[in-house]
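Here the structure is laid out as structure tokens; the discussion comes afterwards.
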Amino acid sequence: AGLALTWLRAFGEFGATVLVAYHPYSFPVLTYVNFSGTGLLNTTWPTLSALLVAIVVLYILNLLSRSKSKNSLFVIEDIGPDPLVQYEGIKPCKLELKADMVNDGFHLVAEMTSNSGRLSILGRSGAGKTTLIKVLTGIAGGKNQTVKIDDKEVGFEPPGERSIGYVPQGGALIPHAKVYDQFLLNFGQRRALKKGQFNSEEIRRLKFWITRLGISNHLGKLPHELSGGERQRVAIARALSKDVKVLVLDEPFNGLDRVTKLDLLIEMVEISRLCGIGLVLVTHDPSEAAIMGGDVGVMDSGNLVQVGSFQELMDNPTDPVVAKLLWYSPINDGVIEDETSLSTQKGHFKVNAKGLSVGQKVKWSVKPERVVVIDHEKRSLLTGDSSNWYSGNLVAEFNFLEGSRAKVILSDGSEVHATIVPSVQDIYERNGRTILSPIPVAVEINPSNVRLWAECSTT
């Protein structure tokens, strides 16, 4: 401050008009007067005194911060026995949800019941997953909705009284609060723990989740000092630290590497099984839904189009949207000719079209595992029903962690994918494992393996 006054005086010497309001005995004025009147010697002692006072104050504040940290860690880690035994033998949570409402201009129609204790809400971006979660957690209110947890109606209760824990995208940790403060703020008053105003059950539950999720060594850290997986563990533990029956995870694994994502997902499934806490996962990744197990609900344009186990959805997708999400071949168009065939733009297919009308427009696809691809020269060596075989060209190969697929364009222009098996591998070997130009192949598609969806209805 004294140096600032000196600079202002210098500006005044060059003709500038400077107005300064100050107390005549304030420390900056004393420093300036001593420096300009008697030199550096008489200015040193007040300056050093100010620096010393500042150092002492900062030291005291640091001690208080450490004392607070140690006190919080001590209380969290040392109060109460291990509560694992309190959570054994609990039945899976039952969840019921029904909604027909408009929220922020988005029309949501959904009705489902999950008895497995685990539910994945699967869908593309903008399908209505987040809106459905808002109804479940109570963030989006409305008259035409029903939410039941273990047969208890909670749809008209405020969000904080539904016994539902919520982990939003990114975790939403408080940037300037250390990990233990994230928990204290979740209980409402950070002084309550210090004064011993929490009951022993709350303390044991808090200790349990801190220990169970492996974050006891990170309680004194800020969010930016944690890895992505550690931040997610803190957010999950914070949501579970209150007495919840259902935990909602809104795309919690975005931005995490595959190994960390799988570790967290498997651990959450184990926690759900061990503790009887219902688990609701919002995701756009079918592999996450498959690992979660339990029930899967597929959303599209605000509608819950199908609910069932992952295997049920894979075996019998009732909508093209479901098939596309679950890695079926691309969706093709066709028109029903009779009960055993459909026509495409340039060809015909053998199908099982019972229940569909002649001339009805449909969409069709087939699981890649049900498509057989061989070299076209070997087709003549095979016996059997030739009506199930089609000519086409192998044009590309795609590699996934779960396996590889071949892209085949049939002679009528339809596209199918096939899982790469030894017969397809042989074709690659003979072509130097590269596809420089389309490779002629023969393709077998059994009519019973072709999935049909009538427009505006399902089969």
Notebook entry, point to check: Among the aspartates and glutamates, which fall within straight-line cross-link reach of residue 350, defined as a Cα-Cα distance under 20 Å, with same-chain neighbours fewer than 8 residues apart omitted?
Noted result: 315, 333, 337, 338, 339, 369, 385, 412, 415, 444, 455
Check: So how much slack lies between residue 143 and residue 174, counting 0.36 nm per residue of separation and subtracting their Cα-Cα distance, in nm?
Finding: 7.8 nm
Item checked: Cα-projected label distance for residue 301 with residue 152, points at 7 Å along beta-carbon direction, nm -> 3.9 nm
Margin query: So, R0 is 51 Å and r is the distance between the beta-carbons of residue 309 and residue 437; what FRET efficiency does that work out to, to 0.05?
Written below: 0.75
Next item on the list: Among the trypsin sites (Lys or Arg not before Pro) in segment 331-363, which ones are in a DSSP loop with at most 12 other Cβ atoms within 10 Å of the Cβ? Mind listing them?
Entry: 346, 354
Check: Going highest first, how would you order 297-305, 260-268 by mean Cβ packing within 10 Å?
Finding: 297-305, 260-268
Note to self: What's the ranking of 275-282, 311-318 by average number of surrounding C-beta atoms within 10 Å, highest first?
What the structure shows: 275-282, 311-318
Next item on the list: Would you work out which of 272, 249, 217 lies farthest towards the positive end of the dipole of segment 214-304? Charges go on Cβ: Lys and Arg +1, Asp and Glu -1.
Entry: 217
Next item on the list: Give the span of segment 327-454's Cα atoms along each principal axis, as three whole-Å numbers ordered largest to smallest.
Entry: 47, 34, 22
Next item on the list: For residue 327 paired with residue 161, estimate the spin-label separation in nm (one decimal), with each label point 7 Å from Cα along the Cα-to-Cβ line.
Entry: 4.6 nm
Next item on the list: Beta carbons within 10 angstrom, averaged per residue: use that to sort the peptides 103-110, 123-130, 92-99, 246-253, highest first.
Entry: 246-253, 92-99, 123-130, 103-110
Check: How much length is gained if the chain between residue 285 and residue 259 is pulled fully straight, taking 0.36 nm per residue apart and subtracting their Cα-Cα distance, in nm to one decimal?
Finding: 7.9 nm
Next item on the list: Could you work out the Kirkwood radius for segment 257-343, taking every pair of different alpha carbons, averaging 1/r and inverting it, reported in Å?
Entry: 15.1 Å
Check: Each label point is 7 Å from the Cα along the Cα-to-Cβ direction; what then is the distance between the points at residue 335 and residue 446, in nm?
Finding: 3.0 nm
Notebook entry, point to check: Rounded to the nearest 0.05, what FRET efficiency is calculated for residue 211 and residue 113 with R0 set to 35 Å and r the Cβ-Cβ distance?
Noted result: 0.55
Margin query: Could you tell me the calculated FRET efficiency between residue 426 and residue 391, based on Cβ-Cβ distance and R0 = 22 angstrom, to the nearest 0.05?
Written below: 0.75
Margin query: Can you compute the charge dipole magnitude of segment 86-320 about its Cα centre, using +1 on each Lys and Arg Cβ and -1 on each Asp and Glu Cβ, nothing else charged? Give it in debye, rounded to the nearest 20.
Written below: 1200 debye
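Where a number appears in this text, it was derived from the coordinates with a stated rule and is not lab data. Note that the structure is a prediction, hence the values are computed from the model and not measured. For neighbour counting, all protein chains shown are included, and Cβ atoms are generated from backbone atoms with ideal geometry for every residue, glycine included.
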